[in-house]
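The values are calculated or read from the model by the stated rules, or taken from the named source; none is laboratory data. Model, not experiment: these values are computed from the prediction. Every residue, glycine among them, receives a Cβ derived from its backbone with ideal geometry; neighbour counts consider all protein chains shown. Keep in mind that these areas ignore ligands, DNA and RNA; they rest on the heavy atoms of the full protein, side chains included. Shrake-Rupley method; radii C 1.70, N 1.55, O 1.52, S 1.80 Å.
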Amino acid sequence: MSSPKRSRHGRTRGLPALLIGALTLALAVTLTGGPATAAQQDTLHELAAAQGKYFGSATDNPELPDAAYSAILGSEFGQITPGNSMKWDTTEPVQGQFDFAKGDVITDFAAQHGQTVRGHTLVWHSQLPGWVGALPSARVEAAMTRHVTEEAAHYRGEVTAWDVVNEPFNEDGTFRSSPFYTAMGSDYIATALRAAHAADPDAELYLNDYNIEGLGAKSDAMYTLVKELLDEGVPLDGVGMQAHLAVQYGFPNQMRANMQRFADLGLDVAVTELDVRMELPADAAKTATQSSYYRQVVETCLAVERCIGITVWDYTDKYSWVPSTFPGQGSANLYDENLLPKPAHSAVRTALGGEDDGGDGGPGALKAQYRSSDSATRDNQIKPGVQLVNTGSTAVSLSDVTVRYWFTSENGASSYSTWCDWSPIGCSTVTHRVATAGIPKAGADHYLEVGFRGGSLAPGASTGEIQLRLNKTDWSNFDESDDYSHGSGTSYADALKIVVYVGGERVWGIEP
Ligand code: G2I
């Protein structure tokens, strides 16, 4: 039953996105001649899609108002999983009272960004409202069936795959105790799968667990279970391997052989919650091990045809579940707390066949700070104040550095005058021009690009403020309020919407 459905995951933004990517590159090179190359590489999902897989991330409702975060979530990933908002305590907190508002925010985000959604999760012993555990055993099956039916039906057509049952096993391969197991024995799993299939016959149905990535007692138990379910004709499409790995525990034992044995049963396999935590502080050795684990997971999925994709359990350390669950551990994700890619990100990129993105800190570590020198957002000039700070341990040659401030032109002339009004490093060393965005984005059809004729920024040093100004040559007004890089702060603060490149590689900030 799985094969015909595989195209639902295979039908990604892959090929068109690749073509668009190539077009973007061509336009950027011809129109701006700027350092666009590294900045416009294929996304992780595009790279995965070119290999017939998806690359996704977990997310959570409180994170979405973080614009810099959701910009990456919406562009870099082709699939999302709600970290909490489709769980039972959220969707049926009181028996019979269903609330899908938070989950709907996730499916809406996915629809707006051309992403698929893995539904997580229908039946789980955790994050279960108290009323379920308080039910007499004789009433648990009906409550479970109703919950599965209502939720799967609600998300029919919006969720491509469901973690129908999550974490059914103990580490030794015995069934985990839960109100469901107590009431129905292991039959609850088949019952839940049948109910989910009846409610949404097109969704791919998964059993999902952790510590089943390698060969071992727990994955043996999962293997035995799914084989029995398939023999009994129970609707089941795949096995989700969460892959919450840790540097200090080693890489899973024979992950490829383990994945392959599930695939050989005719099931899809997905890596559903990948992260690689470590004991803090991070150091070079742990970071290298982490990169290697991420790389090996990607290589394993690529090597197993029925491995249909990889989901990271959120992409940034900023929103990781790890530090609160494992005190003293962290740094588990692909991007750091400032949303900048880490070495593991480069490892994933290159494993997916992409070019290294310099996420190892490569060319130099700079950050941009910004203030608005201009309280008038609807007049005929834009006045950004920008300064660069070297956050690394080696000097950065400023002639390799460019900075972009994105804005919208509104109506009027398409030519601009740009000015450096003052800077302690001397305006004569600062270059500036306006360029047209290769592909216009919301709040960003043009950008002011700043460069330097020379000079060097020592570790810890700042350029000091660079007072910039631009106008259209017909002096028509702007509306800065919706400009991507515009902020209202009047003192200098770190600004992720001012993007900094060294030698054409993005080292700071989030592009529109
Ligand atoms: O624990 C990591 C994952 C293991 N596999 C199943 C996943 O569903 C699980 O996700 C995590 C979420 O990422 C956390 O965000 O599940 C945790 C709960 O088991 C989630 O943590 C909970 C906190 O414990 C609550 O205090 C908090 O109210 O998140 C809730 C919502 O923010």
**Item:** Mean projection area, nm², convex hull over Cα of the range 442-512
**Value:** 6.3 nm²
**Radius, Kirkwood style, for the range 324-423 when every pair of distinct Cα atoms is counted (Å)** = 17.5 Å
**Asked** Given the chain reduced to its alpha-carbon atoms as identical point scatterers, what log10 I(q)/I(0) does the Debye formula return at q = 0.06, 0.08, 0.09, 0.10 Å⁻¹?
**Response** -0.32, -0.55, -0.68, -0.81
**Complete:** Rounded to one decimal in nm, the spacing of the 7 Å Cα→Cβ label points at GLN127 and TRP475 is 5.8 nm
**Distance between modelled label sites at LEU230 and GLN254, nm, 7 Å Cα→Cβ extension** = 1.8 nm
**Request:** Please work out how much length the chain gains when fully extended from GLU63 to THR431, using 0.36 nm per residue of separation minus the C-alpha to C-alpha distance, in nm with one decimal.
**Result:** 128.8 nm
**Message:** Relative contact order for the chain: what percent, with Cα pairs under 8 Å and sequence separation of 6 or more?
**Reply:** 13 percent
**Request:** Assign one of three labels to the range 298-361, namely rounded, prolate or oblate, based on the Cα gyration tensor with a ≥ b ≥ c the square roots of its eigenvalues; rounded applies when a/c is under 1.5, prolate when it is not and a/b is larger than b/c, and oblate otherwise.
**Result:** oblate
**Fill in**
Distance in Å, no decimals, from the C-alpha centre of the range 364-440 to the one of the range 465-512 is 6 Å
**Message:** Within the chain, what whole-number % of the accessible surface is contributed by carbon and sulfur, with the 1.4 Å probe and all protein chains included in the calculation?
**Reply:** 51 percent
**Asked** If Lys and Arg each add +1 and Asp and Glu each add -1, what is the summed charge of the other residues whose beta carbon sits under 11 Å from the beta carbon of VAL389?
**Response** 0
**Prompt:** What FRET efficiency, computed as 1/(1 + (r/R0)^6) with R0 = 22 Å and r the Cβ-Cβ distance, is obtained for LEU135 and ASN170, rounded to the nearest 0.05?
**Reply:** 0.45
**Request:** Taking the Cα centre of the chain as origin, work out the dipole magnitude from +1 charges on Lys and Arg Cβ and -1 charges on Asp and Glu Cβ, in debye rounded to 20.
**Result:** 700 debye
**Message:** What do you get for the angle between helix 101-112 and the principal long axis of the chain? Use alpha-carbon atoms, 0 to 90 degrees, nearest ten.
**Reply:** 60 degrees
**Message:** If I model a spin label as a point 7 Å beyond the Cα along the Cα-Cβ vector, how far apart are those points for GLU279 and GLU299 in nm?
**Reply:** 2.6 nm
**Request:** Restricting things to alpha carbons, tell me how big the range 65-150 is in terms of Rg and Dmax, in Å.
**Result:** 15.2, 49
**Neighbourhood net charge (14 Å Cβ-Cβ; Lys/Arg +1, Asp/Glu -1) for TRP88** = -4
**Complete:** To the nearest 0.05, the calculated FRET efficiency linking HIS113 and LYS318 through their beta-carbon distance, R0 being 25 Å, is 0.85
**Fill in**
Per its Cα gyration tensor (rounded if a/c is under 1.5, else prolate when a/b beats b/c, else oblate), the range 347-493 is best filed as oblate
**Message:** Shape verdict for the range 241-388, please, from the Cα gyration tensor: rounded (a/c under 1.5), prolate (a/b greater than b/c) or oblate.
**Reply:** prolate
**Item:** Restraint check, LYS87/LYS342; LYS318/LYS497; LYS87/LYS497; LYS286/LYS318; LYS286/LYS367; LYS218/LYS342, Cα-Cα greater than 23 Å
**Value:** LYS87/LYS342; LYS87/LYS497; LYS286/LYS367; LYS218/LYS342
